[in-house]
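Here the structure is laid out as structure tokens; the discussion comes afterwards.
The values are calculated or read from the model by the stated rules, or taken from the named source; none is laboratory data. Computed from a predicted model, the values in this text were never measured in an experiment. Every residue, glycine as well, gets a Cβ built from its backbone with ideal geometry; the counts of neighbours run over all protein chains shown. Keep in mind that these areas ignore ligands, DNA and RNA; they rest on the heavy atoms of the full protein, side chains included. Shrake-Rupley method; radii C 1.70, N 1.55, O 1.52, S 1.80 Å.
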Amino acid sequence: QKIMKMVSLTSFWEMKIEELKAEGRFSTAYIYEYALRTLAEFVGGGEIFFGAVSRVWLRKFQAYLEEKQRKYNTISTYLRVLRAVYNRAVDERLIEGEYRLFSGLKMGVASEKKLAVNAGQMGRLMDMDAGMRRRLPGEVRRAQDLLSLMVLLQGMPFTDLAHLHKGDLEGDVLTCRRQKTGTELCVTVVPEAMILLNRYRSRSKKSPYLLKILNWRLKGEAAFADYREKLGELNLQLSRLPELCGVKGLHISSYTARHTWATLAKFCGIPEEVISEALGHSSLEVTRTYLKSFEKKELSRANRMIIDYINSGRKTDWNRVNG
């Protein structure tokens, strides 16, 4: 390939990282940094130039990641980041791109572990029985509440929950934009969720956030680091929850709420178009190729069905244990 300007792949990649940070896209910048660091390890350090990028070189990089026993999705992510940087260089006329250079590489997304749990299991994990809650350590009890809140709010991701603003809640309706996609998300807050929202509501007049999760004083990269720390702590405490709730053998994280909500919605016979809008997908590539608008009442009805299904599973499981 013909190099149009003397700009190395490394320096161009670093410029893209800084641009992402300037745009406030710290999560994406974080992934770009990890991918570049891994690529540097592959070549043994030093500056990487566009002229090195070839089909053979790319396959050697993929083989290197496989030898390191990186998961399929990790390999795919790093290769897709490399492709994105390469394509940007083509768009900016730094290089003349090679047709289908990345074809045949691991670019897809694989489901590597079970992220959802069944209704009975989720019911036990969300159990609000006062006696059981008193036996939970305080930090685990808080993680249980946040897991429950994410389920009750249509499988809302932790990043969206943590970044909710006070103005997003009007009466019993939450309207916000997804942190990841910018898609508008509208949720009717059921009474069980409102109890938890009030329990963790921020009382600081200066904080713009609805919930007391993030440090509102931090900005930019510091704010992103604070979010990652809070997410890591949540996942640590959630990993302790199953055994303490008597549901051993489950791997629980913040993603469990979202995947469980979607899976149970499908089991309940809710149309995939409704599920997609309830989850705030920007595209129906995940579920369908077309996003259809639904009335707020239909989304609320779907959410109520999920909650009732979880509650029925919890009662059935409890009766079986205490039969």
With all protein chains present, the chain has a carbon and sulfur share of its accessible area (1.4 Å probe) in percent of 50 percent
Residue ranges of DSSP H helices in the chain that stretch 24 Å or more (Cα, own long axis) and have mean Kyte-Doolittle hydropathy of at least 0.5 are 26-43
For the chain, the charge dipole (Cβ of Lys, Arg +1; Cβ of Asp, Glu -1; about the Cα centre) points to a positive end, and the Cα of Ser254, Pro208, Met128 closest to that extreme belongs to Met128
Result for the chain: accessible area per residue, probe 1.4 angstrom, in square angstrom, of 54 Å²
Cross-link reach from Lys68 to aspartates and glutamates, straight Cα distance under 18 Å and at least 8 residues apart if same chain, gives Glu41, Glu112
Pairs over 25 Å Cα to Cα, from Lys16/Lys166; Lys212/Lys266; Lys106/Lys266; Lys205/Lys230, come to Lys16/Lys166; Lys212/Lys266; Lys106/Lys266
If every Lys and Arg gets +1 and every Asp and Glu gets -1 at its Cβ, then about the Cα centre the chain yields a dipole, in debye to the nearest 20, of 560 debye
